[in-house]
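Reviewing the structure listed below.
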């Protein structure tokens, strides 16, 4: 029996809304959430693609957030001084022989720029950040690996289920991650697909270091990445009074996962060290 048109349209509207909220969903998850067959989901996706409401990917679909999101170059100019200062401090965590994951985002690219000026080698670097991979691949005695995944051109990042699976081949000494917001609850990001990839990197890392500038402290994004009790280290240029106002206490005890920090200017919270610039 043919399904009435208004029911099909309502289902497709719900499908588009799901993808827009989650930014990326595999076909299997779309089928589960909508209670439809894979064939129906694929027909609905084809219709939404024809209406320019979603973008089809291998095994799933993306919302059009990549087109609406500020480009990598546009975001580089925001809080540039803060990003440069954080990068200057973050580079001190590299050690010869280490294996490191470098996240997407312009703060991590600033870190790569500082690393290039004064490289620590030999090291192995794995990244989802396309410009970071291109930049560091020219540095002698630095082995650079890009994740497998779909390239989102405006964000200059590799994402998707294949990218998450490719992280399973690695174990990292430190993952350098970024976030779009940080408040009393923890670190947040704007896209679930990126959060899923960051969590995969966290699970493969002995230690995680978040690079978050002061303009993001006190903000909130759609998806919580980690609560503070799970965080190893926050590297920020935010002043202590701003962190205290966000109920991020500063006392001198180290989190259980944390290793030694540079000795200068390292106030810490009960769950994680906060390193000030």
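Table for the structure above
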{"item": "Residue 220 vs. criteria modelled with pLDDT of 90 or more, in the same structural domain as residue 189 (by TED's automatic domain parsing) and under 20 Å from the mean Cα position of the chain (by Cα)", "result": "no"}
{"item": "Condition check for residue 83: assigned to a helix (DSSP H, G or I), closer than 30 Å to residue 141 by Cα and modelled with pLDDT under 90", "result": "no"}
{"item": "Qualifying residue in region 156-165 (condition: over 10 Å from the mean Cα position of the chain (by Cα), more than 21 Å from residue 229 (Cβ to Cβ), in the same structural domain as residue 112 (by TED's automatic domain parsing) and crowded, with 24+ Cβ neighbours inside 10 Å)", "result": "yes"}
{"item": "Hits in region 166-183 - residues which are surrounded by fewer than 22 Cβ atoms within 10 Å (Cβ to Cβ) and assigned to a strand (DSSP E or B)", "result": "183"}
{"item": "Options 114, 139, 126; residue that is touching a strand residue (DSSP E or B) at 6+ places or on another chain (Cβ under 8 Å) and either over 22 Å from residue 233 (Cβ atoms) or assigned by TED's automatic domain parsing to the domain that holds residue 209 (or both)", "result": "126"}
{"item": "Sole exception among (1) touching a residue at least 40 places away in the same chain (Cβ under 8 Å); (2) within 14 Å of the chain's Cα centre (by Cα) for residue 100, by number", "result": "(2)"}
{"item": "Residues that are in a helix (DSSP H, G or I) and surrounded by 21 or more Cβ atoms within 10 Å (Cβ to Cβ), drawn from region 90-113", "result": "90, 93, 106, 107, 108, 109, 110, 111, 112"}
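The values are calculated or read from the model by the stated rules, or taken from the named source; none is laboratory data. Predicted model, so just to flag it, every value in this text is computed and none were measured. Cβ atoms come from the backbone with ideal geometry, glycine included; neighbour counts cover every protein chain shown.
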